[in-house]
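Trainee: What follows is a structure written as structure tokens; I'll ask about it next.
The values are calculated or read from the model by the stated rules, or taken from the named source; none is laboratory data. A quick note: this is a predicted structure, and the numbers were derived from the prediction, not measured. Methodologically, a virtual Cβ is constructed for each residue, glycine included, from the backbone with ideal geometry; neighbour enumeration extends over all protein chains shown.
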């Protein structure tokens, strides 16, 4: 006659054996606040550049960032605060890179032309910046005007151009009657317009202005215009 083996009883859970629940090891939850904030800012930059302030949705931002709406409010306060931080960040990146690209010890003409080259390259490499600025212009700088940081960022760049102009005028390499702010805005306009409006201009003028060869040729023309303007006459 066969006998069945006696089944073993399952071990009681630790709490049932008198082991305190807090003594049970659990995998630690790793939190990275800086990384969470950076992901939110990155997702928000994409969302605002694609849809503008009015069309942007916070639920899409937190989904893209892989976090919660609670964390968005924790780090940025609200949608307005997040948008303003996006503007501050992209403009700070532009200004910091400008100063690095235009050292104050360059020969004046070389430094001023390098400023134009940098502006053109930065706008080409940062389409989200162009879109954010376009949306802000449509809204008459309603949010950008609330930033205390952005106006302060522009002063060192214009100051660097003013220094180059002064040194160039002293040596006779550059005209002496050029206003630094006027020059900076003119260079930004020349570097920005043909790229930002290439889609509409291509249809209006029946030319493919998006072609890299046309863009390069146009920037060379604009650069030559800047150099001719800077060069003393007579």
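Trainee: Inspect all residues belonging to region 55-69 and state whether any of them is without any contact (Cβ under 8 Å) to a residue 12 or more places away in the chain and under 17 Å from the mean Cα position of the chain (by Cα).
Mentor: no
Trainee: Take the conditions free of Cβ contacts under 8 Å to residues at least 12 places away in the same chain and part of a helix (DSSP H, G or I) and apply them to residue 110. Does it pass? First the steps, then the outcome.
Mentor: Details: free of Cβ contacts under 8 Å to residues at least 12 places away in the same chain: yes; part of a helix (DSSP H, G or I): yes.
So residue 110 passes the test.
Trainee: Residues of region 117-146 being part of a loop (DSSP other than H, G, I, E, B) and in contact with a helix residue (DSSP H, G or I) (Cβ under 6 Å, 6 or more places away or on another chain), which ones? Talk me through it step by step, then tell me what you get.
Mentor: Of all residues in region 117-146, those part of a loop (DSSP other than H, G, I, E, B) come to 126, 139-143.
Of everything in region 117-146, just one residue is part of a loop (DSSP other than H, G, I, E, B) and in contact with a helix residue (DSSP H, G or I) (Cβ under 6 Å, 6 or more places away or on another chain), namely 143.
Trainee: Could you identify the single residue in 144, 112 that is surrounded by 16 or more Cβ atoms within 10 Å (Cβ to Cβ), at pLDDT below 95 and farther than 24 Å from residue 59 by Cβ? Working first, answer last.
Mentor: Numbers: 112 fails: at pLDDT below 95.
So the residue among 144, 112 that is surrounded by 16 or more Cβ atoms within 10 Å (Cβ to Cβ), at pLDDT below 95 and farther than 24 Å from residue 59 by Cβ is 144.
Trainee: Also: Being assigned by TED's automatic domain parsing to the domain that holds residue 90, over 30 Å from residue 78 (Cα atoms) and surrounded by 14 or more Cβ atoms within 10 Å (Cβ to Cβ) is the requirement here; does residue 204 meet it? Steps first, please.
Mentor: Details: assigned by TED's automatic domain parsing to the domain that holds residue 90: yes; over 30 Å from residue 78 (Cα atoms): yes; surrounded by 14 or more Cβ atoms within 10 Å (Cβ to Cβ): no.
So residue 204 fails the test.
Trainee: A follow-up question, please. Out of the helices (runs of 4 or more DSSP H) lying entirely within region 168-234, which hold 3 or more residues that are without any contact (Cβ under 8 Å) to a residue 60 or more places away in the chain and in contact with a strand residue (DSSP E or B) (Cβ under 9 Å, 6 or more places away or on another chain)? Talk me through it step by step, then tell me what you get.
Mentor: Values: elements: 180-196, 198-205, 212-230.
Filter on region 168-234 gives an empty set.
Trainee: Scanning region 19-65 for residues that are at pLDDT 95 or above and outside any helix (DSSP H, G or I), which turns out farthest from residue 84 (Cα to Cα)?
Mentor: Among residues in region 19-65 that are at pLDDT 95 or above and outside any helix (DSSP H, G or I), the one farthest from residue 84 (Cα to Cα) is 57.
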